[in-house]
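All remarks here apply to the structure that follows.
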Amino acid sequence: MAKTRILLVDDEKGFLDIMKQRIEFWGYEVIAVSNGKKAINVVRKRKTDIVILDYMMPGMDGVSTLKEIRKFNSHISVIMFTAYIDERAVIGAEKLGVIAFIPKFNAGSSAESKLKTALQMAEKK
Amino acid sequence: MTKVLVIDDEEISRRMLKRLLTMAGYETFVADGGEAGLKIFKKENPDIVLVDIEMPGMDGIEVLGEVKKIFAQTEVIVITGHGGMETVIEALRKDAFDYITKPINYDELKITIKRALEKQRLLIENRRMHEETVKQRDELKKRIFEIDVLYNASNAISYTLDYQQLLKLIMESLFKIVDYDICASLLFDAHAVNITLKPVYAQSVGFVDKVKKSLIESVSMLTGENIREKRMDAYLLPSDFGVKPKEERQFDELKSFFNVPFIVGSKTIGMINVSSCKENAFSEGDIKLIYTIANQASSSIERLQEVITAEKSKMESMVESMSEGVLMLDERGDIVVLNPKAREMLGFGGKEEVTSRVLNEKMKTVNLDKVLQECQSKKHLIVKEIIIPGKINIILRCNTSLVINAKKKTIGVVSVLRDITKEKEVDRMKNEFVSTVSHELRTPLAITKEGINLILDEIPGKINKKQDNILTTARDNIDRLARIINNLLDISKIEAGEVTLNRNLVDIDALVDKTISSLKPQADKKNIKFKVSYSPDLSDLYVDQDKVTQVFTNLINNAIKFTIEKGRISVTIKDKDKEVECSVNDTGIGIPGDELDKVFDKFHQLGRVSGAGEKGTGLGLAITKKLIGLHNGRIWVESELDKGSKFTFTLPKIGTEILLREYLNNGMIQAKKQKITMSLMIISLTNFEQMKEKYKTKGIIKILSQIREIVTKIVFSPTNMVNTYHKGETVLVLLKARRRDTLALEKKFKKAINAHQFIIKGKSVKAGVNFGIAVYPEEAQTKDELIKKAKVSLEEREKMRNNNG
């Protein structure tokens, strides 16, 4: 069976590198891109199972990117990273079919366990 | 020249006397009988009359009587020839000066005339002296009176600084001498006319208006200034003299009056008036006296004004030069004070004339009128911010309070205006800065933390124990930094007013349980035991679950932090009548007394134990206090060193009705501000009574909570919502929703709720709902109207549904 292919979108290169390593370590195939435009291109051209989007990005942000993707792809599973939980944003994004919101940074707990759970949920779907 | 009249019927005697007397230097007139003599007497008015007693026709005695009748001071000397002593005695009794006998001894006559003249002179002198004495006495009386008035007036100035008192004294003093029925005075300045009236008798009150009018007219005429336009203040002093006995007066018409102006410097500042219902009631003397009094009053008033002006100018120059705007209006809304800074703040030009009307218009446009009205109705200090629109909007903080005089009477309202535009801007910039910086800090922190985690998870390769330890310490400190940033963000959001409560019915006991169990691992490490006393009968509270959890977490976390091994933490929930009192009590190190009032300040760190111990951010309690404040609760602390600390806070109980009204209120304000519509929607369970019977309140709560969740998922923007369990309703306040939008939402809600499987006691239950809608401002303008309208629409639809089957 082919590995589940994950598209990781974040404008922070450092974050992108580290997360890519971790997710690959979990056994997924990861394509990492640094902006929404590139992400849309990837989803268009290659078979992608799960998209992990950063909520806040310069230029095209996470929600706009997702809206664009939804125009031609309604089934792809989406997980969103956010630096700071904003209730309004959560409600808005949920309507676009975001499976989970992962706080990029939470004191004490770590993002990775939540991300792992979310990925497992996305795979089942 | 002394005039002598001789009346004698004997011609020889007449001629002799005339010659003799003329020679002696008297102007002499002669008459041959009584009638003729009296004629001459009336014409010439002689000083001495010589009259023969025995004359045909009118005799000497009769002439004497007539003369004395006409002018008593004339001395009459009778001449007797043949008459006996009886007639002489009669003449003397009738006030003849003396008598001489015929034949006349001329020397004796001359002496007698001289004596008579001397007597006359003495009499005149005597009378003059008497008159002089009387005059002096009167003068003295008046002087004493004037001094009395002056004395009273100066007392009034020294003790009262009160025109009314001064005028009252003058009027009462005047009454001692002048017989008036009403005394009135009028004083005026640039703004107002002050009239004081004192009717003497209870009956004379009827004149008051007439006198007032006459005074105003007189003063207007005298000064050429139309004082009718000014504000009129009239004071009626009580007529405490009662009714004058005996004298009957026609109390229906003023028959005489007299006005005397008050002149200060060379300017007429008013007038005093005395009026009477008697004709010619005032003598020349009275008028003179009134003039004197008016002059004295004028100088008293002048001095009074000087004193007041001196006092006022001190205050005025202070107010004028204040950096805050000061605005004072009297009870009628007229300007009392409007200092230059207030003029500038309210946008008046330097030379623009600001009348009370202009100012009131201005206040309306910036809502300052509402602030003053609120202060007048609430009768205490009101602190409000208003915005003066312009190129750059100016924000003014208005501290407004009532002005109360020494007699505890409200005489106006004062507002002190402070320009806080810059402070607000700085505040906003600070908040923006904090939030930007925090966001910016977060990203590198996240990357660092994830990097460390990656290594700790040995994904890039194996690490040894030492490396693991160091990296773990590094990661813990990144977490600490993150906590500080989170707190900073929280507090700046609260301070910026960006945090609103998402109230929902919350079981406080359950919330406490959950919080404690999440913190238990930390407490276990220090062997700290928990003791919780619940309040089992307490019904659920409308609070923001996350925020109250944060409050308990902060307090319990602190308690754990500052409690030494094997300590105890008690959490108590007490149901007080109108609020719930929660406390967290520890057996920790306590807080020193001098720090107690600072613990809730920002960046104040609780007393550290020397050596080890977790380091806080100094923001936890500040946030806690603010979160409780958002709920309109209070928080306080009691502590004893080495014994422990007890933090107690309250959460007011809010009924669904109040909450709904609060939501509606906020919604209406937002709608007005943004010029958008707002809708009220009631979602009501159909067959509520049967359902309640079947599933009990607990079941209803479950159903309504789930409806709430369904609704939350469908509505895009956050919505204010309450559940009324006793009615089986969920009520929503939807912003930016026109009727069309609300109906569309209703469709979605209905579909979702109908499709939903409600699980009660393990059984799947279906629930039907009905809707009532009202839209602001199109369909209703007030809260009550909105609620009523929505209920009516709900009932109508229920009827329709029932009719349809």
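Pairs exceeding 28 Å between alpha-carbon atoms, taken from A:LYS114/B:LYS750; B:LYS18/B:LYS43; B:LYS698/B:LYS736; B:LYS370/B:LYS408: A:LYS114/B:LYS750; B:LYS698/B:LYS736.
Each of A:VAL9, A:ASN41, A:ILE23 was placed along the dipole of the range A:5-124 (beta-carbon charges, centred on the mean Cα), and the one lying farthest toward the positive end is A:ASN41.
Look at the alpha carbon pairs under 8 Å that are at least 6 residues apart: their mean separation over the length of chain B gives a relative contact order of 5 percent.
Across peptide B:448-454, what mean number of C-beta atoms from other chains lies inside 10 Å of a residue's C-beta? It would help to have the intermediate numbers written out before the result.
On the way: counts 3, 7, 12, 5, 1, 5, 7.
Average neighbour count from other chains, rounded to a whole number: 6.
Per-peptide packing, taken as the mean over residues of other Cβ atoms within 10 Å, places A:13-21, B:582-590, B:516-524 in the sequence B:582-590, A:13-21, B:516-524 from highest down. Of the GluC sites (Glu not before Pro) in the range B:393-480, the ones in a loop by DSSP (not H, G, I, E or B) with at most 15 other beta carbons within 10 Å are B:GLU458. The 3J(HN,Hα) values that the Karplus relation (6.51, -1.76, 1.60; θ = phi - 60°) gives for the range B:478-483 are, in residue order, 5, 4, 4, 4, 5, 4 Hz. Gly and Pro appear as x. Within the range B:622-690, none of the chymotrypsin sites (Phe, Trp or Tyr not before Pro) combine a DSSP coil assignment with at most 11 other C-beta atoms in a 10 angstrom radius.
Counting, for every residue in B:440-447, the Cβ atoms of other protein chains within 10 Å of its Cβ and taking the mean gives 6.
Measure nothing fancy, just the Cα-based angle from helix B:620-630's long axis to the longest principal axis of chain B, in degrees from 0 to 90, nearest 10. The two axes meet at around 60 degrees. Residues whose amide H lies under 5 Å from that of A:ILE102, counting only those 5 or more places away or on a different chain, are A:MET80, A:PHE81, A:THR82; hydrogens are built 1.01 Å from N in the peptide plane.
With an 8 Å Cα cut-off and a minimum separation of 6 or more residues, compute the relative contact order for the range A:5-124 in percent. The partial results should precede the final answer.
Numbers: 178 pairs, mean separation 26.0, N = 120.
The value is 22 percent.
Counting only residues at least eight positions apart within a chain, or on another chain, the aspartates and glutamates with an alpha carbon under 19 Å from that of B:LYS110 are B:ASP8, B:GLU27, B:ASP47, B:ASP52, B:GLU75, B:ASP98, B:GLU118.
Dipole magnitude for the range A:5-124: about 500 debye, using +1 per Lys or Arg Cβ and -1 per Asp or Glu Cβ, origin at the Cα centre.
Of all the accessible heavy-atom surface of the range A:5-124, with the other protein chains kept in place and a 1.4 Å probe, what percent is carbon and sulfur? It is 50 percent, rounded to a whole number. The modelled label-to-label distance between B:ALA310 and B:ASN477, using points 7 Å beyond Cα along the C-beta direction, is 7.3 nm. Taking the square roots of 5 times each eigenvalue of the Cα gyration tensor of the range A:5-124, largest first, gives ellipsoid semi-axes of 19, 17, 14 Å. Provide a list, ordered by number, of residues in the range A:20-36 showing at least 20 Å² less accessible area with every protein chain present than when their chain is taken on its own, using a 1.4 Å probe. Residues passing the criterion (a loss of at least 20 Å², heavy atoms only) are A:GLN21, A:ARG22, A:PHE25. For the range B:390-396, 3J(HN,Hα) computed residue by residue from phi via the Karplus equation (6.51, -1.76, 1.60; θ = phi - 60°) reads x, 3, 10, 5, 9, 9, 10 Hz, glycine and proline entered as x. Computed from protein heavy atoms with a 1.4 Å probe, the total accessible area buried between B and A is close to 2400 Å².
Taking label positions 7 Å along the Cα-Cβ direction at both B:ASP138 and B:GLN73, the computed distance is 1.8 nm, reported to one decimal. Cα-based radius of gyration for the protein assembly as shown, normalised by 2.2 N^0.38 Å, reads 1.82. The distance linking the range B:692-760 with the range B:8-54 is 137 Å (Cα centroid to Cα centroid, whole angstrom).
Relative to one another, the C-alpha centroids of the range B:419-445 and the range B:343-372 are positioned 34 Å apart.
Would you work out the charge dipole size for the protein assembly as shown about its Cα centre, treating the Cβ of every Lys and Arg as +1 and the Cβ of every Asp and Glu as -1, and quote it to the nearest 20 debye?
Values: 149 positive and 130 negative charges, 1660 e Å.
Magnitude of the dipole: close to 7980 debye.
If packing is taken as the mean number of other Cβ atoms within 10 Å per residue, what is the order of B:623-634, B:98-109, highest first? Intermediate values should be presented prior to the final figure.
On the way: B:623-634: 19.3, B:98-109: 14.8.
In decreasing order of mean packing, B:623-634, B:98-109 become B:623-634, B:98-109.
What does a probe at B:LYS788 reach in the range B:648-681, counting residues whose amide N is under 17 Å from the point 7 Å along Cα→Cβ? It comes to B:661, B:680, nothing else.
How big is the gap, in Å, between the Cα center of the range A:1-32 and the Cα center of the range B:501-576? Spelled out, the Cα-based centre of one part sits 40 Å from the other.
Database remark: amide H of A:VAL30 closer than 5 angstrom to the amide H of A:ILE6 (H placed geometrically; neighbours at sequence offset of 5 or more, or on other chains; Pro and chain starts carry no H).
What angle, in degrees between 0 and 90 and rounded to the nearest 10, separates the Cα long axis of helix B:508-525 from the longest principal axis of the Cα atoms of chain B? With rounding to tens, the tilt is 60 degrees.
Estimated purely from DSSP H runs of n ≥ 4, each contributing -39500 (n - 2.57), the mean residue ellipticity at 222 nm for chain B is -16500 deg cm²/dmol once divided by its residues.
To test your reading of the geometry: what angle, between 0 and 90 degrees and rounded to tens, separates the Cα axis of helix B:421-456 from the longest principal axis of chain B? The answer is roughly 10 degrees.
How high is the FRET efficiency between A:GLN120 and B:ASP601 when r is their beta carbon distance and R₀ equals 51 Å, given to the nearest 0.05? Provide the component values of the computation, followed by the final result.
Values: r = 46 Å, r/R0 = 0.90.
It comes to 0.65.
Here's the picture: charge each Lys and Arg Cβ at +1 and each Asp and Glu Cβ at -1 in the protein assembly as shown, and of B:VAL731, B:PHE647, B:ILE395 the one pushed furthest to the positive end of that dipole is B:VAL731.
Efficiency by 1/(1 + (r/R0)^6): what FRET value for B:ILE463 and B:ARG357, r their Cβ-Cβ distance, R0 = 60 Å, to the nearest 0.05?
Values: r = 83 Å, r/R0 = 1.38.
The formula returns an efficiency of 0.15 here.
Going by average Cβ density within 10 Å per residue, which order do the peptides B:324-331, B:13-20, B:125-132 take, highest to lowest?
Details: B:324-331: 19.4, B:13-20: 16.6, B:125-132: 10.1.
Highest to lowest by the protection proxy: B:324-331, B:13-20, B:125-132.
Couplings 3J(HN,Hα) for the range A:14-26, derived from phi with the Karplus relation 6.51 cos²θ - 1.76 cosθ + 1.60 (θ = phi - 60°), are x, 4, 4, 4, 5, 5, 4, 4, 5, 5, 4, 4, 6 Hz, where x marks Gly and Pro. Choose one of B:CYS183, B:MET681, B:LEU289: the residue whose Cα lies farthest towards the positive end of the charge dipole of the protein assembly as shown (beta-carbon charges +1 Lys, Arg; -1 Asp, Glu; about the Cα centre). Of B:CYS183, B:MET681, B:LEU289, it is B:MET681. Charging the Cβ of each Asp and Glu at -1 and of each Lys and Arg at +1, and nothing else, the dipole of the range B:419-530 about its Cα centre rounds to 540 debye.
Return a whole-number percent for the relative contact order of the range B:49-93, with Cα pairs under 8 Å and 6 or more residues apart as the contact set.
Numbers: 42 pairs, mean separation 20.5, N = 45.
So the answer I get is 46 percent.
For the segment B:184-194, counting C-beta atoms of other chains within 10 Å of every residue's C-beta and taking the mean gives 0.
Computed from the C-beta positions of B:VAL403 and B:ARG303, the FRET efficiency with R₀ = 25 Å rounds to 0.40. Computed extension length for B:ARG428-B:MET232: 65.6 nm, one decimal, from 0.36 nm per residue of separation with the Cα-Cα distance subtracted. Cross-link pairs exceeding 31 Å between alpha carbons, from the set A:LYS95/B:LYS462; B:LYS653/B:LYS788; A:LYS13/B:LYS462: A:LYS95/B:LYS462.
log₁₀ I(q)/I(0) of chain B at q = 0.06, 0.10 Å⁻¹, via Debye over equal Cα point scatterers, no solvent, to two decimals? Computed log10 I(q)/I(0) values: -0.72, -1.14.
The values are calculated or read from the model by the stated rules, or taken from the named source; none is laboratory data. The structure presented is a predicted model; accordingly, all values stated were derived computationally and were not measured. Cβ sites come from the backbone with ideal geometry, for glycine too, and all protein chains shown count toward neighbours. These area figures cover heavy atoms from the full protein model, side chains too; ligands, DNA and RNA do not enter into them. Shrake-Rupley method; radii C 1.70, N 1.55, O 1.52, S 1.80 Å.
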